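A quick write-up on the structure given underneath.
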Amino acid sequence: MMAGPKGRPGLVTVTFRQLSPENIVAVAKSSGLQVLEWGGDVHVPAGDTKRAREVAALTSAAGLETVCYGSYYRAGHEGDGGMPPFAEVLETAVALGAPCIRVWAGVRGSDAADEAYFRKVCADADRIAGLAHSRGVRIAFEFHEGTLNDNADSAARFLAALPHPNVFSLWQPLVSLDAEQRDRSLRVVLPRLAHVHAFHWLPGDPIDRRPMSEGQDDWRAWLKTIRGAGSNADALLEFVRADAPEMLAEDAAVLRSLMRYE
């Protein structure tokens, strides 16, 4: 058995942007998933607190739990390009009942960011962490290319610059990193890991989305690392082959098995 507490299997709802919240809940529940990260671009738009409360009720009625509000807020860029102010994002998360908000560490990869840009993003990150903390909501930065949180070294520097106790990180196995770099990046963010986005992708143009069954050895090792550290981070499936809802059950069965839910 894996050491330490266990997280729960779930779904990132942007996996199915084409589905209504009602259908999202139905497909997640039928696949044996337990938790959701609701997306802020389609399903629960920032500023629409009425919709957020409706989705919260829908989620609860199905016996599921919201673990994160997947916003597209970019630290250091409030107001740019029509991006909603963080205050709206926060109010929406509170109405949704989300204990965590996913945000992004700027709009530049770490290799393209100078010191001034780094400081700008960090200053805003600290600001929003304080605002969210006052409402009992955590901030978790997406681990993603094109941001300051895009590899082990950049994540270590970024998180070290943000000692605020309300700053956390997500993690996913980026296709831009090799196997050793993926493992190292997980270990770096592990002390502040909120949850992980689970998938098995191969690099290409477009990225080749493969069945989770083909990546289960990797995920078994990563989940062992997470549990061995005493983390109860949830693992949320993100995107499936052809964006097809019928593919979710297969991937969910693999994830549930890996997490000892079979």
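Using a probe radius of 1.4 Å on heavy atoms only, what accessible surface per residue do you get for region 1-58? Whole Å² is fine.
Dividing the accessible area of region 1-58 by its residue count gives 41 Å².
Provide the three semi-axes, in whole Å and in decreasing order, of the ellipsoid equivalent to region 109-200 as defined by the square roots of 5 times the Cα gyration tensor eigenvalues.
22, 16, 10
Mind computing the radius of gyration and Dmax over the alpha-carbon atoms of the chain? Å is fine for both.
Using the Cα atoms of the chain, the pair Rg, Dmax is 17.3, 49 Å.
Can you give me the relative contact order of region 200-258 as a percent, contacts being Cα pairs under 8 Å and 6 or more apart?
Relative contact order for region 200-258 comes out at 37 percent.
Helix-only estimate, please: 222 nm mean residue ellipticity of the chain, summing -39500 (n - 2.57) across DSSP H runs of length 4 or more and dividing by its residues, to the nearest 500.
-11500 deg cm²/dmol
Taking a probe of 1.4 Å, how large is the accessible area per residue of region 135-262, in Å²?
42
Total Lys pairs in the chain closer than 26 Å by alpha-carbon, pairs eight or more apart in sequence or interchain only?
Summing the qualifying lysine pairs gives 4.
If the viscosity is 1.002 mPa s and the temperature 20 °C, what translational diffusion coefficient in µm²/s does Stokes-Einstein give for region 1-85 when Rh comes from Kirkwood over Cα pairs?
154
Suppose a student asked you for the relative contact order of the chain, using Cα pairs under 8 Å spaced at least 6 residues apart; what percent would you report? Please list the in-between numbers first.
Numbers: 508 pairs, mean separation 60.1, N = 262.
It rounds to 23 percent for the chain.
Give, as ranges by residue number, the residues of region 130-152 whose backbone N falls under 14 Å from the point 7 Å along Cα→Cβ of residue 161.
Answer for region 130-152: 147-151.
Would you kindly enumerate the cysteines in the chain that have no other Cys beta-carbon under 4.7 Å from their beta-carbon?
122
Taking the Cα-to-Cβ direction at residue 184 and at residue 58 and moving 7 Å from each Cα, how far apart do the two end points lie in nm?
4.3
Measuring from centroid to centroid over Cα atoms, what is the spacing of region 199-262 and region 1-80 in Å?
17
For region 128-262, what does the relative contact order come out to in percent, with C-alpha contacts under 8 Å and a separation of six or more?
19
Express the carbon and sulfur contribution to the solvent-accessible surface of the chain as a percent, rounded to the nearest whole number, probe 1.4 angstrom.
Numbers: 5470 of 10720 Å².
So the carbon and sulfur contribution to the accessible surface is 51 percent.
Given a 1.4 Å probe and heavy atoms of the protein chains only, how would you sort 86, 239, largest accessible area at the top?
Listed by decreasing accessible area, they come as 239, 86.
List the extent of the Cα atoms of region 155-262 along each of their three principal axes, largest first, rounded to whole Å.
42, 35, 23
The values are calculated or read from the model by the stated rules, or taken from the named source; none is laboratory data. Computed from a predicted structure; not experimentally measured. With ideal geometry, Cβ positions are generated from the backbone for all residues, glycine too; neighbour counts draw on all protein chains shown. In case anyone asks, the SASA skips ligands and DNA or RNA and just uses the protein heavy atoms, side chains included. Shrake-Rupley method; radii C 1.70, N 1.55, O 1.52, S 1.80 Å.
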